[in-house]
1. Could you tally up the Lys pairs in the chain with alpha carbons closer than 19 Å? Skip any pair fewer than 8 positions apart unless they're on separate chains.
2. Using a Förster distance of 30 angstrom, determine the FRET efficiency expected from the C-beta separation of Leu137 and Ile30, and round it to 0.05.
3. About its Cα centre, how strong a charge dipole does region 3-181 have in debye, to the nearest 20, once Lys and Arg get +1 and Asp and Glu get -1 at the Cβ?
4. Just need the relative contact order of the chain here, percent rounded to a whole number, with Cα pairs under 8 Å and 6+ apart.
5. In whole percent, what relative contact order does region 83-153 give with Cα contacts below 8 Å and a gap of six or more residues?
6. Pull out the extension gain between Leu157 and Ile174, defined as 0.36 nm times the separation in residues minus the alpha carbon to alpha carbon distance; nm, one decimal.
7. Mind sorting Asp5, Asp97 by how few other Cβ atoms lie within 10 Å of their own Cβ, fewest first?
8. For Ile84, put the label point 7 Å out on the Cα→Cβ axis and report which residues of region 127-144 keep their amide N under 13 Å from it.
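No lab work stands behind these numbers, since they all come straight from the coordinates. The structure displayed is predicted, hence computed values, not measured ones. Here the Cβ positions follow ideal geometry from the backbone for every residue, glycine too, while neighbour counts run over all protein chains shown.
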Amino acid sequence: MDRKDLTLIIMFAVLNFVFAALIGQVPRMITGIPGIGYMLIIFYSITISVALLFYQGRRWRFLMQGILFAILTLSFGASSAALISKISLIINAFVLDIVFNSFYNSFKKRNNLKWWVILGQVYYWTTESFWLVLVNLMFYPWEPVIATWYSIMPFMLPIMIIEAIAGGYLGYKIFQQVKKVQP
C-alpha cells in the first residue's frame, strides 16, 4: 500500500466522520427516534462510492477505511452499545471489500463501474442494519433488538435503497469529474 492509498483512506474516513458528527447525529438528537439518521445516508453513500472507485478494486482499503471510521465514531458514545455497533460496521465493510472488489475488474472490462458502485451501495446500506441486529443478538435479549429493528426498518429500508442508488450514481459522476482533472 502506498502513501496515496493511505491518504485516501484517512481522507474518506475523516470525511464520513464529519458527516456523522454534523449530519448523522442531528436527526436523532432532534427527534429522539432511533434509526432516523438513515434518512441521510446519501451523504455517506456518495463518499463511499467515490472512495471505492478511487481504490480501484484493491483489497483492504475499504476495510481499513471502515475500521478507522469506527474508531473515530467511538467518541459518539462511550458505552458498550457503541462498541458493539462498530463491530457490525466493520463486518459490513469487510464483506463489501471482499465481495465487491472481487468483481471490480469484470465490471471495469465491461465499462460498467457505475453499476458496480451502485450495487455496492445498495448492498452496503441494505445489509448494514441486518449486521447490526445479528451482532446485537449476541449481546442483548432478542425481543428488544428485533422490536427496535422491526419498528424502524420497514419504513426506512425503501428510503435507504433509493438513497443508496442516488448516492452511488452521484458518487460515480463526481468520480468521473475528479478523474478528468486529476494528473
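1. Close lysine pairs under the 19 Å cut-off: 10.
2. According to the calculation, E is roughly 0.55.
3. 960 debye
4. It rounds to 30 percent for the chain.
5. 41 percent
6. Full extension from Leu157 to Ile174 adds 3.6 nm.
7. Ranking Asp5, Asp97 by Cβ neighbours within 10 Å, fewest first, gives Asp5, Asp97.
8. 132-144
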